[in-house]
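Every number in this text was worked out from the coordinates using simple rules, so none of it is lab data. For clarity, every value in this text was computed on a predicted model and none was experimentally measured. Don't worry about glycine lacking a Cβ; one is built from the backbone with ideal geometry, like all the others, and counts go over all protein chains shown.
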Amino acid sequence: MREKISRRDLLRLAGGSALGLWFTPIPWKLLDDVSIWTQNGRWVTSPPRGEIQFRYSNCTLCPAGCGVRARCVGGQPISLAGIAPQSGSRGALCAVGLGGHHLRYHPQRVTQPLRRASGISASFQPCTPEDIVLTVSEALATTRASGSGDLAAILDERPGRVTSLMYRNFLSGFPNGVYLNPVSDSGATLHAMESAAEKPYGALGIDLENTRTILSFGTPLLDGWGNPARLWKMSEGLQDSSESHLKIIQAETHQSRTALLADEWLPLRPGTEAALALGLAGILIKEKLIDMAALSRQAIDLEQGAQGSFRELTEKFSPRTTAAITGVSEDKIVSLARELVQRGPSIVLGGGDPGAGPLGPEEETAIAALNFVLGNVGRRGGFLPRRELPKWLKEPSKNLKPASSLRDIPDHSIRVLFVDALPSGNAIPWTLLEKKLVRDNPVVVSFSPYLLGISRNAQFIVPSPVYLESWEEVLTPLDSPTTSYSLSLPLLVPPGGVQEPFDFIRRVAVAAGVHLAPEFQDVSPKDLFKRRVEQFHRDRRGTIFSYRNESETRVKDVASADSMWAMFCDGASWRDDPPSSTSPIASRFSLLGKAANAAERLEAVGHGRLEIQRDPATEFPLVLMPEGWRGAVGQNGLSPVMTKIYQESGLRHLGGEARVNVETGRRWGLTDGGPALIQTRCGSKVARVHFDDAVMPEVIQVIVGPNLKEFHESQEVDGRNILCLCNLDDDGVWRVTRAKMSGV
């Protein structure tokens, strides 16, 4: 007779099985095998063996150009670190830079030319360089056709390099050639001040070491802006009670990392930066807190100019009006204006967020004007002019196309677009580029090491070297008061199939019948870098800082140009001599800027960018605002080790995640940690929601950055991120967008 099995019998069986598994070697052997497999997969590199050496270079993952000390085994870098504190980078290296030697093995790495598969938006197939050259040269011929208004363009996010000059020379061979610099630029405030001058006085740097107060309009000063270590070193006394420490006042919509670390956070309503800048300038002028005689002598339009009167404009932004627009109290606005004078030298910075993009030209004009009113240009603790790099190219400027801003290019006008490989570290929405392309069969060629960002939307991808695989120039960081120059050296051998953008454009020039200047024919970028260094030696300006020896040598004391080149090849950097004196800039300037209808545009934007959009509040009652981290947005690849920051520790949010105020989330039926549908007039996207009281009510703060698939081998990485939902203003600004949100 068959016995009945009870529930107790089943429990005994399960318990005995579990106990048996604990003592049997089978599961432990399986775990050991899994460990072996995961350490020997094709994505895992074998540790090199050999002598330990140290080599020196400079980082190109963002424009800061920090010095790098690479610990190498068998000639291969196994770890990166910052160098001496007295160097330009102050001995620091950010998290992105610390993992730079891993980028060679990025799961989205491209090592052969790719062509977009016909009819499949995100699928690519291998092709040959000759295929790309042929297609591109045929499209370029169309731009040369009689009467054609189509443009041939190159987008260069790091202007001023030798490669940049070659790009400009190549484009001079086309009547409709356009050399483009990006809209998003961390140095936008400096550029606005430079362009406001009646006569050019060159580039400006910042004498931060002698600055006592910084008013920042959303600039991520303590989160990667400029040279990160420079500000960190100066801000060690933040929130100190002493009067000597650097005080940072952060004015922005959400409580960012910089706002958390700053002395003071001023919550601003979205899109109202211009109003606060104009309101502060108006108080300084009305109360005569600044040198009015000096301002009257230098300001072309303080009282009356071709574009109107700056004084009359600021009178329209009284403390009461400014408070109503910005959400900052009248008393605070007045006390802030007085503090900028009493606690000087003070500077005011804009520039925007790496993910949210730039402030608009009107906002930057208002910020530049506030700096001029404060009288901090050409003064200690303010903005100082710096000299240009020594001239080495003898070719006449007429053979170099001038730079144009992407915002100034007519929509649907670019037939052929090349996108340079070296990113600025800031985001560029694909929609911004897409609206500039012709509607019928545009050709977009992306020079990129990765199948990420803009590359996902290109017709062709030409694989370029990653960081540490090629020679590259490192130019002066945007905030530096003195000019500098160094090189990023190849510590790794690039894989076959990878090609320098410099060499590929030269091949296209031959196929298209463009005659490049002799300087760019039959030479390598390294050869041209050496010529530039030889010019440093001839000019006998500045000093050479040796990373290896941590010592400085005057250029005039270097025996020969070859000796100087050898120093650069060992990771040295050149720094110009500081200005002999600091004195106010003699050139006159326009407070309203030089744009047509400047006063009218400033007044309109001063009342808020959301008012300009004029979307019915009942349809889109919320405000979408993106944010990002420099070097982790745009075309940048990140070391897979960075998942520890994004996924394991949660120090950074992954791309597409949205943060909202608790009250906002509950009002719209959202769940903390749950999915939600974000909708704008440009489209919709699902995001994961996190409640955060650091975000202002009725604002959706969405992260621009990598998603989890980018850290793994996947062909499903989306080339259209959250920026595709952002409204693009006519001037290329996407910071604020009317939106709505609902749970899903």
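With the simple spin-label model, which puts each label point 7 Å out from Cα in the Cβ direction, the Ala141 to Asn549 separation comes to 5.8 nm. Across segment 550-558, computed HN-Hα scalar couplings (Karplus, 6.51 cos²θ - 1.76 cosθ + 1.60, θ = phi - 60°) run 6, 9, 10, 9, 5, 4, 5, 9, 7 Hz from first to last residue, x flagging Gly and Pro. Shown for Cys72, Cys62, Cys569: other C-beta atoms within 10 Å of each C-beta, ranked fewest to most, produce the order Cys569, Cys72, Cys62.
Rounded to the nearest 0.05, what FRET efficiency do Ser405 and Asp557 give with R0 = 51 Å and r taken as the Cβ-Cβ distance? Could you check?
Values: r = 42 Å, r/R0 = 0.83.
According to the calculation, E is roughly 0.75.
State which entries of Lys199/Lys556; Lys685/Lys709; Lys401/Lys436; Lys394/Lys526; Lys401/Lys556 exceed 24 angstrom in Cα-Cα distance in the structure shown. Mind dumping the intermediate values first?
Values: Lys199/Lys556 32 Å; Lys685/Lys709 17 Å; Lys401/Lys436 19 Å; Lys394/Lys526 18 Å; Lys401/Lys556 34 Å.
Listed pairs above 24 Å: Lys199/Lys556; Lys401/Lys556.
Under the criterion of Cα pairs below 8 Å and six or more residues apart, the relative contact order for segment 197-385 equals 32 percent. Centroid-to-centroid, using Cα positions, segment 659-718 and segment 245-313 are 33 Å apart.
What separates the Cα centres of segment 321-398 and segment 164-192 is a distance of 23 Å. For Lys247, the aspartates and glutamates whose Cα comes closer than 19 Å to its Cα, not counting residues fewer than 8 places off in the same chain, are Asp207, Glu209, Asp223, Glu236, Asp263, Glu264, Glu339, Asp479.
How big is the charge dipole of the chain about its Cα centre, in debye rounded to the nearest 20, if each Lys and Arg gets +1 on its Cβ and each Asp and Glu gets -1 on its Cβ? That gives a dipole near 1060 debye. When His191, His101 are sorted by how many other C-beta atoms sit within 10 angstrom of their C-beta, beginning with the fewest, the order is His191, His101.
Considering only DSSP beta bridges where both residues belong to the chain, give the percentage that are antiparallel (nearest 5). The antiparallel proportion sits near 55 percent. Figure legend: label point modelled 7 angstrom from the Cα of Leu677 along Cα→Cβ; residues of segment 720-744 with amide N under 17 Å from it are 725, 739-744. Annotation: the residues Arg506, Arg666, Arg104, sorted from fewest to most other C-beta atoms within 10 Å of their own C-beta, follow the order Arg666, Arg506, Arg104.
Principal semi-axes of the equivalent ellipsoid, √(5λ) from the alpha carbon gyration tensor of segment 52-105, are 18, 14, 8 Å from largest down. Distant-in-sequence amide contacts of Leu478, defined by a placed amide H-H separation under 5 Å and a gap of 5 or more residues or a different chain, comprise nothing. Each stretch of four or more DSSP H residues adds -39500 (n - 2.57); spread over every residue of the chain, this sum gives -8000 deg cm²/dmol at 222 nm.
Listed by chain and number, the lysines whose alpha-carbon sits under 21 Å from that of Lys316, ignoring those within fewer than 8 places in the same chain, are Lys286, Lys288, Lys332, Lys594.
Rounded, prolate or oblate: which one fits segment 295-364, using the alpha carbon gyration tensor with axes a ≥ b ≥ c (rounded when a/c is under 1.5, else prolate when a/b beats b/c, else oblate)? Provide the component values of the computation, followed by the final result.
Values: a/c = 1.37, a/b = 1.14, b/c = 1.20.
Since a/c stays below 1.5, the shape of segment 295-364 is classed as rounded.
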